[in-house]
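Colleague: This structure is in structure tokens; I'll ask about it shortly.
Please treat every number below as a calculation from the coordinates, not as lab data. The structure presented is a predicted model; accordingly, all values stated were derived computationally and were not measured. Here the Cβ is made from the backbone with ideal geometry for all residues, glycine too, and neighbour counts use every protein chain on show.
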Amino acid sequence: MNIIEAPTALTVDERSELEKNEKTIAKGLQTFYDVGHALADIRDRKLYRAEYETFDNYCTKRWGFSDRRARQLIAAADITENIGTIVPVSELKEGQVRELASVPPNEQRLVYQLAHELTEGNVTASAVRSLAAIANGVIASGYVEVDDGIQKKWTDLEPEQKRAVLQANLEKETWERMQRHKARKSISESMNDPIIEKLTIPKQQVHDLRKLAGLARQVDPDLVAVYEMTHRDTLP
């Protein structure tokens, strides 16, 4: 909740800092790193207070965006500060950086560095998002299996071990995604099978049965149960 404060005058130095920050914002709204830092300084030191009651009010009336957008820019700037030594800041895109927001700060550098290496420098927001999701899942589990088959706490792993775990999980996820894609393609093609057209039971029921059989081959009872529940009205 924004606390409304009575306007108070800025000192000469504060006025100078406000003007410098606002020039940065006005000059480079596309440059999220500089803009985020400028906004953070204005917010933290309440340099808006002479003319605006809240930071939200300042962002909306002075710049035309909400304080939610300001917080996004500020967070992206903070993350960039954290990972900026991997590549020049000028090469980072806000969309890529924001995908790291859910990752603990002490692991953001690891995730981005691995994304940078796996994509050979052509980092995309999608690549960072996938690795961030994997990292969060592994970190949440607390323990991982290392090469010697021993369970170790994530926090006890060396950086290279963490990299290996994330990469192995990414490869597994990629393979599973490819399998799901193949299954969907197979089902789509089966719907146009001329043999199905000759059957007396509804075509949709054949589709449901084939998909159910495909799920069963994956030896995943939970998936089968969910599918049966979802399509109980069409399964014969």
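Colleague: Report, in listed order, any pair from Lys61/Lys93; Lys27/Lys61; Lys93/Lys153 with a Cα-Cα distance greater than 22 Å.
Modeller: Lys61/Lys93; Lys93/Lys153
Colleague: For the stretch 1-83, just say rounded, prolate or oblate: build the C-alpha gyration tensor, square-root its eigenvalues into a ≥ b ≥ c, call rounded for a/c under 1.5, and beyond that prolate if a/b exceeds b/c, oblate if not.
Modeller: Because a/c hits 1.5 or more and a/b exceeds b/c, the stretch 1-83 counts as prolate.
Colleague: Then there is this: Fewest to most neighbouring Cβ within 10 Å: what's the order for Ile42, Ile86?
Modeller: Ile86, Ile42
Colleague: May I pose another question? Using every pair of alpha-carbon atoms in the stretch 85-177, split the distances into 10 Å bins beginning at 0 and state the percent of pairs per bin, rounded to integers.
Modeller: For the stretch 85-177, the binned pair fractions read 16, 51, 28, 5, 0 percent.
Colleague: Here's something else I'd like to know. Which ordering of Tyr33, Tyr143 is given by a fewest-first count of other beta-carbon atoms within 10 Å?
Modeller: Arranged by neighbour count, lowest to highest, Tyr33, Tyr143 become Tyr143, Tyr33.
Colleague: Can you put Asp78, Asp13 in order of Cβ neighbours within 10 angstrom, beginning with the fewest?
Modeller: If I rank by nearby Cβ atoms, fewest first, I get Asp13, Asp78.
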